[in-house]
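**Q** Quick one: the structure is below, and I'll ask about it shortly.
The values are calculated or read from the model by the stated rules, or taken from the named source; none is laboratory data. Since we're looking at a predicted model, the values are computed, not measured. When we count neighbours, we look across all protein chains shown, and the Cβ atoms used for this are built from the backbone with ideal geometry, even at glycine. In case anyone asks, the SASA skips ligands and DNA or RNA and just uses the protein heavy atoms, side chains included. Shrake-Rupley method; radii C 1.70, N 1.55, O 1.52, S 1.80 Å.
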Amino acid sequence: MSELILGISAFYHDSAAALVRDGVPVAAAQEERFSRKRHDSSFPAQAVRHCLDMLGVSLGDLSAIAYYEDPRLKFRRVLATLVGTAPMGVSSFVRTVPGWLRTDGKLRAVQAVRRELESLGLGAVPDVVVRRHHESHAASAFFPSPYRSAAVLCVDGVGEWATTTLWHGRDTALQPIAEIRFPHSLGLLYSAFTYFCGFKVDSGEYKLMGLAPYGKPRYAELIRQRLIDVKPDGSFHLDMRYFAYLRGQVMTGRAFEKLFGGPRRTPEGPLTEREFDLAASVQQVTEDVMLRLARTARERTGESTLCLAGGVALNCVANGKIVDSGIFDEVWIQPAAGDAGGALGAALAVAMERGAARQHIGTGRDAMSGALLGPAFSEAQIADYLRNRGIPHRRLDRRHLVQDVAAALADGKVVGWFQDRMEFGPRALGARSILGDPRDPAMQSAMNLKIKFRESFRPFAPAVLATDAKDYFDLRQDSPYMLLVAQVAAARQLPVVETGVTGLDALRVQRSTIPAVTHVDGSARVQTVTGADNPAYYELLTAFKARTGCPVLVNTSFNVRGEPIVNSPHDAYTCFMRTDIDLLAMGNFLLDKSEQPPWSEESDWRAEIPLD
């Protein structure tokens with residue numbers, strides 16, 4: 001009989017559930033995709049239902065529930081921090097501690113998990129087992145990886161106490177090697193600059209990464225001299241006089257402002273050269289620390305492969321630097337590297353402890369099924385949705401659907417692509433994606449401003465057939481989860497006449513034959529696509545290549561700013577109608593915007609988009 005372990009992460013941000021059968025991930029999803037609340041931290045009840053529904057099982061069929069961190073140990077850290085900053089931290093103490101101590105507080109998270117599961121009425125709840133935060137990250141990185149043994153590096157803001165950990169993974173075991181503890185945190189250093197540059201902590205870090213190529217790292221040496229003391233082995237120490245997160249609800253204070261020449265940028269305020277340069281500087285420092293940690297991981301474990309997880313592992317530029325350095329022969333990054341992936345890691349850790357095998361080892365593939373672990377909707381379900389609402393559509397077989405969509409993309413149309421199972425993790429990987437022609441110089445600006453309704457500086461990612469990837473990008477290895485940045489290949493670059501254009505204006509300069517996915521520094525965040533993990537997406541790329549000679553598409557997540565990626569047909573149709581997307585391919589159904597009835601809503605939803 002199969003052993004089923006359900007993993008849960010909750011009550012901080014990006015709550016999620018994941019189901020593992022005999023050590024193999026079979027279902028996983030973030031709660032935000034169901035609740036439609038970005039970074040939803042509430043108990044993932046709907047994600048739990050999805051996981052159970054995928055296998056047609058109840059809670060009573062499970063062997064255990066695995067919770068992704070230890071709330072008691074985390075509370076000790078919170079308490080010690082508040083006491084250690086007294087009297088300055090008194091107001092923070094008053095705001096924070098009661099929330100931990102109340103009956104339904106975070107200190108009793110395990111009891112809350114049991115109570116929430118019982119309220120679902122889906123059977124008897126098995127034992128709830130607690131794992132440490134970084135153990136969950138490490139398990140999510142190593143156990144699904146294609147490697148029998150590997151160095152494992154986890155870097156984030158903070159778990160219970162650990163902020164950076166190094167592990168040695170062998171077969172079904174993880175051995176801890178070294179750790180760096182709070183308050184010294186590379187993730188929190190990056191978040192401090194995210195906050196200071198006017199973006200939201202825990203969701204705006206990727207914006208800071210995208211902003212960095214517009215600037216020069218003129219503050220990098222100052223950061224090294226004043227903020228972070230980095231040792232040759234990658235260990236580091238922050239000077240806490242410049243940070244405010246120990247004693248309050250903000251990341252930086254007056255000392256930080258004085259160091260960098262004035263107050264933080266107000267959210268949505270104009271971006272200036274200072275923000276560009278601050279982003280470039282902290283990005284360079286982050287890359288340097290990650291490279292030193294990677295070298296230490298190689299030296300301490302003797303392994304030739306590396307696995308990465310934790311929020312900092314979503315820094316695709318730093319990941320690309322590690323790959324390009326050649327420190328390791330190959331690097332594998334958990335696609336749900338943040339806290340959502342902790343649900344999967346906790347379940348895998350318990351499964352391996354109970355004797356599960358890593359069945360995929362030796363196949364040359366990982367165990368993530370292309371990260372397509374979320375809900376799917378059958379042709380009948382999609383047909384019912386369209387018919388019940390009288391939505392005009394055409395039904396095609398997949399061959400003709402793919403050909404029609406490829407033709408539309410080649411004609412400059414933007415397409416919503418809703419197919420098969422939803423992705424687990426923050427990236428859209430060709431199941432819930434908005435697609436466009438990367439050869440069109442106007443595509444990047446049009447998609448940002450008219451479809452995504454987001455800042456114009458943010459780059460889009462290319463999806464490329466894996467067999468053609470090295471003809472277009474300087475990639476040393478495959479990048480199936482869009483977690484590596486590489487330079488566009490020299491053969492695809494165009495000569496750029498130096499015009500003195502700087503800042504956001506630099507985006508208008510065409511640098512390659514695929515300008516819509518080429519950033520201002522000539523880089524791109526690449527997804528390599530094979531037919532094994534996502535056949536429909538692979539067929540579309542193949543058809544687009546046959547029609548245009550280009551095996552690359554613009555791929556961005558199927559959502560607008562401030563909203564989670566779409567989950568259901570209704571989510572997809574709503575996003576389609578609210579935006580300038582031209583076509584929606586939903587299963588084998590094709591919807592043309594020009595044939596749809598007028599769309600009206602009671603309020604101006606764009607005015608209500610939250611800052612993210």
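**Q** Residue check: is residue 521 within 18 Å of residue 324 (Cβ to Cβ) and modelled with pLDDT under 95? Break it down stepwise before answering.
**A** Working: within 18 Å of residue 324 (Cβ to Cβ): yes; modelled with pLDDT under 95: yes.
Yes, satisfied.
**Q** Let me ask something additional. Any idea how many residues of the stretch 475-501 are assigned to a loop (DSSP other than H, G, I, E, B) and free of Cβ contacts under 8 Å to residues at least 40 places away in the same chain? Can you show your working first?
**A** Of all residues in the stretch 475-501, those assigned to a loop (DSSP other than H, G, I, E, B) come to 475-483, 489, 494-501.
Of the ones still in play, those that are also free of Cβ contacts under 8 Å to residues at least 40 places away in the same chain are 489, 494-501.
Total satisfying the criteria: 9.
**Q** Further, regarding this structure: Only one residue in 247, 264, 295 is surrounded by fewer than 18 Cβ atoms within 10 Å (Cβ to Cβ) and either touching a Pro at 6+ places or on another chain (Cβ under 6 Å) or among the basic types (Lys, Arg) (or both). Which one? So that I can check it myself, show each step before the final result.
**A** Values: 247 fails: surrounded by fewer than 18 Cβ atoms within 10 Å (Cβ to Cβ); 264 fails: surrounded by fewer than 18 Cβ atoms within 10 Å (Cβ to Cβ).
Only one candidate qualifies: 295.
**Q** I want to confirm something. Restricting to the stretch 534-547 and keeping residues that are in contact (Cβ under 8 Å) with a residue 40 or more places away in the chain and surrounded by fewer than 22 Cβ atoms within 10 Å (Cβ to Cβ), which single residue is nearest to residue 373 (Cα to Cα)?
**A** Here is the first cut: in the stretch 534-547, the residues in contact (Cβ under 8 Å) with a residue 40 or more places away in the chain are 534, 536-547.
Next, only the ones that are surrounded by fewer than 22 Cβ atoms within 10 Å (Cβ to Cβ) stay: 536, 538-539, 542-543, 545-547.
On the way: 536: 16, 538: 18, 539: 20, 542: 24, 543: 26, 545: 28, 546: 30, 547: 31 Å.
Once the filter is applied, the top-ranked residue is 536.
**Q** Testing residue 331 on (1) open to solvent by less than 20 Å² (accessible area, probe 1.4 Å); (2) within 11 Å of residue 24 (Cα to Cα), one condition comes back false. Which one is that?
**A** (2)
**Q** While we're looking at this one, here's another question. Does the stretch 344-355 contain at least one residue that is over 14 Å from residue 154 (Cβ atoms), out of contact with any strand residue (DSSP E or B) (no Cβ under 6 Å at 6 or more places or on another chain) and acidic (Asp, Glu)?
**A** yes
**Q** Restricting the search to the stretch 561-587, which residues are open to solvent by 30 Å² or more (accessible area, probe 1.4 Å), part of a loop (DSSP other than H, G, I, E, B) and either within 19 Å of residue 409 (Cα to Cα) or among the basic types (Lys, Arg) (or both)?
**A** Scanning the stretch 561-587 gives 561, 580, 582.
**Q** Which of the residues that make up the stretch 237-250 are without any contact (Cβ under 8 Å) to a residue 60 or more places away in the chain and not charged (D, E, K, R)?
**A** Of all residues in the stretch 237-250, those without any contact (Cβ under 8 Å) to a residue 60 or more places away in the chain come to 237-242, 244, 250.
Matches in the stretch 237-250: 237, 238, 240, 242, 244, 250.
**Q** Collect the residues in the stretch 7-49 that are under 21 Å from residue 118 (Cβ atoms), open to solvent by 20 Å² or more (accessible area, probe 1.4 Å) and either assigned to a helix (DSSP H, G or I) or aromatic (Phe, Trp, Tyr) (or both), keeping them in residue-number order.
**A** Those that are under 21 Å from residue 118 (Cβ atoms), open to solvent by 20 Å² or more (accessible area, probe 1.4 Å) and either assigned to a helix (DSSP H, G or I) or aromatic (Phe, Trp, Tyr) (or both): 11, 34, 35, 45, 46, 49.
**Q** Return the pairs, sorted by first residue and then second, in which the second residue is part of a loop (DSSP other than H, G, I, E, B) and loosely packed, with under 13 Cβ neighbours inside 10 Å, the first residue lies in the stretch 251-270 and is at positive phi and in contact (Cβ under 8 Å) with a residue 12 or more places away in the chain, the beta carbons are less than 7 Å apart, and the residues are 6+ apart or on different chains.
**A** These pairs meet every condition: 268/611.
**Q** When you check residue 175 against the structure, is it without any contact (Cβ under 8 Å) to a residue 12 or more places away in the chain and either surrounded by fewer than 20 Cβ atoms within 10 Å (Cβ to Cβ) or among the small types (Gly, Ala, Ser) (or both), yes or no? First the steps, then the outcome.
**A** On the way: without any contact (Cβ under 8 Å) to a residue 12 or more places away in the chain: yes; either surrounded by fewer than 20 Cβ atoms within 10 Å (Cβ to Cβ) or among the small types (Gly, Ala, Ser) (or both): yes.
Considered against the rule, which asks whether it is without any contact (Cβ under 8 Å) to a residue 12 or more places away in the chain and either surrounded by fewer than 20 Cβ atoms within 10 Å (Cβ to Cβ) or among the small types (Gly, Ala, Ser) (or both), residue 175 comes out as yes.
**Q** Checking the conditions here, which among 390, 338 is farther than 30 Å from residue 22 by Cβ and assigned to a loop (DSSP other than H, G, I, E, B)? Please lay out each step first, then the result.
**A** Details: 338 fails: farther than 30 Å from residue 22 by Cβ.
Criteria check complete, one pass: 390.
**Q** While we're here: So if I check each of 3, 31, which one is acidic (Asp, Glu) and without any contact (Cβ under 8 Å) to a residue 40 or more places away in the chain? Spell out the reasoning first.
**A** Numbers: 3 fails: without any contact (Cβ under 8 Å) to a residue 40 or more places away in the chain.
Criteria check complete, one pass: 31.
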